[in-house]
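Notes to accompany the following structure.
The values are calculated or read from the model by the stated rules, or taken from the named source; none is laboratory data. Given the structure is predicted, the values throughout are model-derived calculations rather than measurements. Here the Cβ positions follow ideal geometry from the backbone for every residue, glycine too, while neighbour counts run over all protein chains shown.
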Amino acid sequence: MKIPRTLLLTTLPLLAAVPPVGAVPAVALPPSPAPRVSLPPPGTYSRAIETALLHAAPTMRPEALRAALSAWAALRSRGEVSRPLLTLIDYGLPSTTKRMWVLDLASRRLLFHELVAHGRNSGENLALSFSNEEGSLMTSLGAFVTGTTYSGRNGYSMRLRGMEPGVNDRAEARTIVVHGAPYVGEEVARRQGRIGRSFGCPAVRPAIARALIDEVKDRTLLYAWHPSIDKVEASAAAAPTIAGLGSPDARSHRGR
């Protein structure tokens, strides 16, 4: 935007200040955007991206990130995800720990690092049991694609579509959504030794719910990881697993 020049009035009312010949008006430059990098071909991901993301978010477990990146690459190759954003949840960490990361894969930046709830019947401070069943009140694991938003009884919320048959594909029927909840917060964690638990939804702090949801809505990947599924969704096996997950081995690996 050009900075307006001030008209200098003197005792000669028709005389205005004239800029020197050849002077260039000052321009307010916008802040430089974060550098973006080329993404790898569909179906693959770059080890350089993994390294950069671990540097940006050093508390992430490498094995969790690798599984999530492999899932993202597989879904991208099928056209299921629309943008290079990844939300990773490590349910192997206690609920009092910030265990949700939102990552920009193109700029290799950490956008959010947050507390997130697990299902009431998945465990107390630690999530130990997982289910795809309606009425279980447990968390489901695996790859989800984010959907549209709506305002419901939990306020501003975002739908999730489970991408793994027999593992999390009942998410929509179970109304598993991302939403804000007053039982998620550091004060709650200090007071009761864990944050509150949901009916299976990855609930977050109300203060950041809308901003986080608006960042990741509309076909980005949310990947819920736990050490118990590492053999199923590790980077070497995740792509074929996501493409046709429904095999007996994959189904039996998850807790019910």
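A few points about this structure:
- Residue check for residue 211: on the phi < 0 side of the Ramachandran plot, at pLDDT 95 or above and surrounded by fewer than 17 Cβ atoms within 10 Å (Cβ to Cβ): yes
- Of the residues in segment 25-39, at least one is modelled with pLDDT under 95 and outside any loop (DSSP other than H, G, I, E, B).
- Hey, residue 130 buried (at least 24 other Cβ atoms within 10 Å of the Cβ) and in contact (Cβ under 8 Å) with a residue 60 or more places away in the chain or not: yes
- Out of 188, 167, 204, one residue alone is more than 14 Å from the chain's Cα centre (by Cα), surrounded by 17 or more Cβ atoms within 10 Å (Cβ to Cβ) and over 21 Å from residue 133 (Cβ atoms). It is 188.
- Within this structure, residue 173 passes the test of being more than 20 Å from the chain's Cα centre (by Cα), of a type in the set (A, V, I, L, M), assigned to a loop (DSSP other than H, G, I, E, B) and under 25 Å from residue 75 (Cβ atoms).
- Annotation for segment 106-114: no member residue is among the hydroxyl-bearing types (Ser, Thr, Tyr) and touching a Gly at 6+ places or on another chain (Cβ under 6 Å).
- Of the strands (runs of 3 or more DSSP E) contained entirely in segment 88-169, not one carries at least 3 residues that are closer than 30 Å to residue 55 by Cβ and touching a His at 6+ places or on another chain (Cβ under 6 Å).
- Look at (1) surrounded by fewer than 15 Cβ atoms within 10 Å (Cβ to Cβ); (2) in contact with an Asp or Glu (Cβ under 6 Å, 6 or more places away or on another chain) and you find that residue 182 fails only one, number (2).
- A Cβ distance below 8 Å, combined with a sequence gap of six or more or placement on separate chains, defines the contacts here; from segment 139-153, residues that are under 20 Å from residue 77 (Cβ atoms) reach residues that are among the small types (Gly, Ala, Ser) and part of a strand (DSSP E or B) in the pairs 142/162; 142/224; 143/162; 144/162; 144/224.
- Verdict on residue 198 being at pLDDT below 95, surrounded by 13 or more Cβ atoms within 10 Å (Cβ to Cβ) and under 22 Å from the mean Cα position of the chain (by Cα): no
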